[in-house]
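The values are calculated or read from the model by the stated rules, or taken from the named source; none is laboratory data. Please read these numbers as outputs of a predicted model, since none were measured by experiment. Cβ atoms come from the backbone with ideal geometry, glycine included; neighbour counts cover every protein chain shown. Surface areas here come from the heavy atoms of the whole protein model, side chains and all, with no ligands, DNA or RNA. Shrake-Rupley method; radii C 1.70, N 1.55, O 1.52, S 1.80 Å.
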Amino acid sequence: DQVADQEFAAPRPVAADYTSEPTTGDLNELVCISHSAVFTPGMKGVEPDARLLNLKTGELRRIPFEGIMAGSGCFTQDRLHLIVAGGPAEGGTMGLYDVNLRTGVNRTLGGALLATGFTLFPTLSHDGKTVAVLHTNPASGPVLQGQVVLVDLASGEARPLGKPLDTAFISWLPEDKGLLLVQRESVDKSKPSIATISCMDLQGQLTPIRK
């Protein structure tokens with residue numbers, strides 16, 4: 001109580017107002033990225049959140065996700081929605097959500113299959129109808145083992161594709177006839193896993209392409 005008030009003064013900076021409608025301009029200028037507003041060089045790392053960046057104007061704003069954080073995701077074909085993997089307010093899981101950029105409405109996707117565990121890396125099919133994700137549930141299997149899941153965007157229903165495996169980097173093949181992914185196999189715990197670029201058809205069958 002002996003210190004002058006100005007010693008503790010912390011003037012609030014003037015913040016840019018990004019509360020306006022984000023989809024009124026050129027939708028092709030919008031990208032979704034992972035970003036942490038508090039990160040500065042030298043920090044060991046912080047948890048990033050999904051941000052909407054306008055490449056033309058430089059506007060950077062948080063997407064209207066209702067949970068505590070979200071990873072970068074994929075746009076729907078009309079670019080008015082983002083499909084993101086995010087953590088709900090109660091925590092403990094990473095679910096899949098359809099975020100309407102125009103209205104702010106959030107819709108949970110995946111039903112009971114994605115209600116627990118962690119959902120990652122959503123990628124939209126070329127026809128705009130299906131989202132492929134990787135789902136892991138440490139409570140029911142090895143940490144590095146995931147299940148490829150296909151989610152119907154219209155209904156929100158999900159179905160597993162193939163058997164669980166150690167995989168990553170899922171993308172759609174042309175004409176949506178299957179998925180391209182990297183499958184990994186551990187043959188010796190003291191050595192790196194053997195990674196193989198593979199195709200997975202829509203019945204879940206894997207075809208190795210090359211190491």
Extreme residue, modelled with the lowest pLDDT, among residues of the range 115-146 that are small (G, A, S) and not in a loop (DSSP other than H, G, I, E, B): G146
Exactly one of these conditions fails for S34: (1) surrounded by 10 or more Cβ atoms within 10 Å (Cβ to Cβ); (2) of a type in the set (S, T, N, Q); (3) assigned to a loop (DSSP other than H, G, I, E, B); (4) at pLDDT 85 or above. Give me its number. (3)
Among residues belonging to the range 169-182 that are at negative phi and in contact (Cβ under 8 Å) with a residue 40 or more places away in the chain, point out the one that is surrounded by the most Cβ atoms within 10 Å (Cβ to Cβ). L179
Of P122, P64, which residue is in contact (Cβ under 8 Å) with a residue 12 or more places away in the chain, out of contact with any Cys (no Cβ under 7 Å at 6 or more places or on another chain) and surrounded by 15 or more Cβ atoms within 10 Å (Cβ to Cβ)? P64
I'd like the residue in the range 7-31 that is at pLDDT 85 or above, assigned to a loop (DSSP other than H, G, I, E, B) and within 28 Å of L120 (Cβ to Cβ) and, out of all such residues, is least open to solvent (accessible area, probe 1.4 Å). T23
Has the range 99-114 got any residue that is open to solvent by 80 Å² or more (accessible area, probe 1.4 Å) and assigned to a helix (DSSP H, G or I)? yes
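For residues in the range 45-56 being closer than 19 Å to M69 by Cα and in a loop (DSSP other than H, G, I, E, B), which is modelled with the highest pLDDT? Please lay out each step first, then the result.
Taking the range 45-56 and keeping what is closer than 19 Å to M69 by Cα, we get 45-53.
Add one more test, that the residue is in a loop (DSSP other than H, G, I, E, B), and what stays is 45-48.
Values: G45: 81, V46: 83, E47: 83, P48: 86.
This residue is P48.
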Any residue at all in the range 141-155 that's open to solvent by 40 Å² or more (accessible area, probe 1.4 Å), acidic (D, E), within 30 Å of N54 (Cα to Cα) and free of Cβ contacts under 8 Å to residues at least 40 places away in the same chain? yes
Kindly provide the set of residues from the range 98-128 that are within 13 Å of C74 (Cβ to Cβ) and among the charged types (D, E, K, R), ordered by number. D98
State the number of residues belonging to the range 163-184 that are in a strand (DSSP E or B), over 20 Å from P138 (Cβ atoms) and hydrophobic (A, V, I, L, M, F, W, C). 6
Answer yes or no as to whether V151 is assigned to a strand (DSSP E or B) and either among the polar types (S, T, N, Q) or out of contact with any helix residue (DSSP H, G or I) (no Cβ under 8 Å at 6 or more places or on another chain) (or both). no
